[in-house]
Amino acid sequence: MAYVSIPAYWKTIPQRYSLIGLRCKNCGYINFPAREICAKCGKKSEFEPIKLSGKGKIYSYTIIAAGSTPPEFLLQEKYVGSYPVAIIELVEGPKIVAQLTDYKIEELKIGMEVEAVFRKIYEDNQVIRYGIKFRPIRKRRIHKGS
Amino acid sequence: MYKVAIIGVGQTRFGEFADKGVKELFVEAFLEAINDVDKGIDPKEIEEAYIGNLGVGGIQLGNFSSMAVDQIGLHGIPATRVENACASSGFAFRSAVMAIMSGVCDVVLAGGVEKMTDIPRDKLRYWLGVSGDTEWERLAGMTFPGVYALMALRHMHQYGTKREHLAMVAVKNHKNGAQNPKAHFQRETTLERALNSPMVAYPLTIFDCCPVSDGASVAILCRADLAKKYTDTPIYVAGFGAGTDRLSLFEREDFTTLMSSVLAAKQAYKMAGIKPKDVDVAEVHDCFTIAEIIAYEDLGFCKKGEGAKLIEEGETEIGGRIPVNPSGGLKAKGHPIGATGTGQIYEIVKQLRDEAEKRSRQVSGAEIGLTHNVGGSGGTAVVHILRRG
Ligand SMILES: [Zn+2]
């Protein structure tokens, strides 16, 4: 029982895999996800595809408790338990909704800087659905030698 | 345009009823509404019906309205199922009002029904959350409480609202529900219990969420100039408004307001010729506690960002400046999705007629009442303003 059919999912793969947004040539607004009529100016204008950087900040987040996840995420619930889902405000402007990964739950907060990574999202009808998750940007110190 | 009056209302208790299906529930609410018309009405005088239903636990997804009027012996009249998620019967009521205003009909039925507890828990997970955005929000693992949790966290961030304020909404609505024989939950709760119950979607606990309920509600409306033929205490529809917003929360600019509610309220106040401060009693859409705080602001009961202060100061309790959800609201009265909107109408009609079953729940001297019914996470919203005499 699939909520979003496989063909419907496939049609959005450029956005789900590569964060391709559409810049409206009439008003400049970046539409994400893709659409035919600009969400800002309401015109059926021309759009220019634009690759979003995948960098942004947490605008809001929640932690979905185990036991309340959508059925598509039962496997994740079984192996991981509760998981955070966030709204990320990208540096280019658009907000997107995605799960977080490689996080420490206690350090999550509004305004935290994150970047997009390619990950498995869920399995349905024996098909693995891939997409984007976000992880905190850490300033790593590189140690050389031992 | 004609003016519109409500001449009868009926509502089942909201709750979990193993022995009642969608048909039995609807018939029960219908019969109560017919009997509520104090000077009597022949059901055959009803010319049209609008019925709210989302179809959860449905035995009949297509042509639901035909099944519903068939069950009440009114097959023959035009009937339409209205689906706007949790605002289905609020919008059914609006359609009934417009059918009378336009002069097409004199007497119209508006109602709603939902049977949710018949579905196995795992299948219910598929149904809950279908009224938000499925393609992106849900496929990120988001849930319906999760979407309101995102709003709550932003409200806390922007305005300093605290989890305690959310819990205060739960405590107030449980207190009111405990006085309502038709409520799903008829017991009080404490701030401590609400705060320390299990998290569903941080920062929302199970006590911040409304239950899954069965139930039905019906209102009978007629042209205002004919109302006295049916009842000595008609309640008039003074104004209404409705709106929509971006379906996905993440595509909205501000998470701390529902634009659909703001637009709906603005139209309703204008049509009724009143200001928010003129409202004596309101039933608002508290599917989650944060939704009630946001509703205070969107409906103009306080300034933007001051919803937490309003609940903290007790202004929305019975006896306060603007009592909200004397029925217990969705939180305690229950939320049978398709039945909620006309269930709010039921409560306000009873309040304006001074007929609350228990006096402790009656808002004394209420003359103007407001209902506020939201679909999903604000994708749709509808507001009605009702008036006595
Ligand atoms: Zn544009």
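The values are calculated or read from the model by the stated rules, or taken from the named source; none is laboratory data. This one's a predicted model, so the numbers in the text were calculated from it and none came from an experiment. Cβ atoms come from the backbone with ideal geometry, glycine included; neighbour counts cover every protein chain shown. Surface areas here come from the heavy atoms of the whole protein model, side chains and all, with no ligands, DNA or RNA. Shrake-Rupley method; radii C 1.70, N 1.55, O 1.52, S 1.80 Å.
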- [ ] Report relative contact order for chain B in percent, whole number only (criteria: Cα-Cα under 8 Å, sequence separation at least 6).
- [x] 26
TODO: Please sort by residue number the GluC sites (Glu not before Pro) in the stretch B:317-389 whose DSSP state is loop and whose Cβ has at most 16 other Cβ atoms within 10 Å.
DONE: B:Glu355, B:Glu357, B:Glu367
TODO: For chain A, with a Gaussian network of springs between Cα atoms less than 10 Å apart, report the residue from A:Ser18, A:Ser60, A:Ser68 with the top mean-square fluctuation.
DONE: A:Ser68
Open item on the list: Rounded to whole Å, give me the distance from the Cα center of the stretch B:56-86 to that of the stretch B:249-274.
Closed with: 29
- [ ] With all distinct Cα pairs included, what does the Kirkwood hydrodynamic radius of the stretch A:54-136 come out to in Å, to one decimal, could you say?
- [x] 13.2
Open item on the list: To the nearest 20 Debye, how big is the dipole of chain A about its Cα centre, given +1 on the beta carbon of each Lys and Arg and -1 on that of each Asp and Glu?
Closed with: 540
Open item on the list: Report for the protein assembly as shown the percent antiparallel among DSSP-assigned beta bridges with both residues inside it, nearest 5.
Closed with: 80
Open item on the list: Pairs of alpha-carbon atoms within less than 8 angstrom and 6+ residues apart define the contacts here; what relative contact order does chain A have, in percent?
Closed with: 20
Task: Bins of 5 Å from zero: percent of alpha-carbon pairs in the stretch A:97-136 - done: 6, 23, 27, 18, 14, 7, 5, 1
Task: Accessible surface, per residue, of the stretch A:31-146 when the full set of protein chains is kept, probe 1.4 Å, Å² - done: 55
Open item on the list: Tell me the volume per residue, in Å³, of the convex hull enclosing the alpha carbons of chain B.
Closed with: 122
Task: Surface share of carbon and sulfur [accessible, 1.4 angstrom probe, percent] for the protein assembly as shown - done: 51
Task: GNM result for chain B, Cα springs below 10 Å: residue of B:Leu25, B:Leu139, B:Leu247 fluctuating most strongly - done: B:Leu139
Open item on the list: Between the stretch A:3-31 and the stretch B:212-244, how far is it from one alpha carbon centroid to the other, in angstrom?
Closed with: 44
- [ ] Using only Cα atoms, find the angle between the long axis of helix B:22-36 and the longest principal axis of chain B, and express it within 0 to 90 degrees, rounded to the nearest 10.
- [x] 60
- [ ] Sort B:Met156, B:Met271 by accessible area with a 1.4 Å probe, largest first.
- [x] B:Met271, B:Met156
Task: the stretch B:145-157 - phi-based ³J(HN,Hα) in whole Hz, Karplus 6.51/-1.76/1.60, Gly and Pro as x - done: x, x, 5, 5, 5, 4, 5, 4, 5, 5, 5, 5, 5
Open item on the list: Could you give each residue of the stretch B:306-322 its phi-based ³J(HN,Hα) in whole Hz, using Karplus coefficients 6.51, -1.76, 1.60 with θ = phi - 60°, and x for Gly or Pro?
Closed with: 10, x, 5, 5, 4, 6, 4, 8, x, 5, 9, 7, 4, x, x, 5, 9
Task: Cα-centred dipole magnitude for the protein assembly as shown, charges only on beta-carbon of K, R (+1) and D, E (-1), debye, nearest 20 - done: 2000
- [ ] Using Cα pairs closer than 8 Å and at least 6 residues apart in sequence, work out the relative contact order for the stretch A:54-136, in percent.
- [x] 33
TODO: Can you figure out the FRET efficiency of A:Arg135 with B:Ile59, using R₀ = 60 Å and their beta-carbon distance, to the nearest 0.05?
DONE: 0.85
TODO: Name the residues whose placed amide hydrogens come within less than 5 Å of the amide hydrogen of A:Tyr61, ignoring near sequence neighbours (fewer than 5 apart) on the same chain.
DONE: A:Ile87
Task: Unit charges at the beta carbon, dipole of chain B: most positive-side option, B:Asn35, B:Tyr126, B:Thr257 - done: B:Thr257
Task: Estimated Rh, the protein assembly as shown: Kirkwood, alpha-carbon pairs, angstrom - done: 23.9
TODO: Please give the calculated 222 nm ellipticity per residue for chain B, where each DSSP H segment of at least 4 residues contributes -39500 (n - 2.57) and the sum is spread over every residue; nearest 500 deg cm²/dmol?
DONE: -10000 deg cm²/dmol
Task: Cα Rg over Rh - chain A, Kirkwood - done: 1.02
TODO: Can you tell me the equivalent ellipsoid semi-axes for the stretch B:16-134? Use √(5λ) from the Cα gyration tensor, largest first, whole Å.
DONE: 27, 17, 11
TODO: Would you mind checking which residues have amide H under 5 Å from A:Val117's amide H? H placed 1.01 Å from N; only 5 or more apart, or other chain.
DONE: A:Lys133, A:Phe134, A:Arg135
Open item on the list: Whole-Hz ³J(HN,Hα) for each residue in the stretch B:264-279, computed from phi via Karplus 6.51 cos²θ - 1.76 cosθ + 1.60 with θ = phi - 60°, x for glycine and proline: what do you get?
Closed with: 4, 5, 4, 5, 5, 4, 5, 5, 7, x, 10, 10, x, 5, 7, 6
Task: Computed magnitude of the charge dipole of chain B (debye, nearest 20; Cβ of K, R +1, Cβ of D, E -1) - done: 460
Open item on the list: Treating only the Cα positions of the stretch A:38-98 as identical point scatterers, give the base-10 log of I(q)/I(0) from the Debye formula at each q in 0.15, 0.16, 0.19, 0.27 Å⁻¹.
Closed with: -0.66, -0.71, -0.82, -1.05
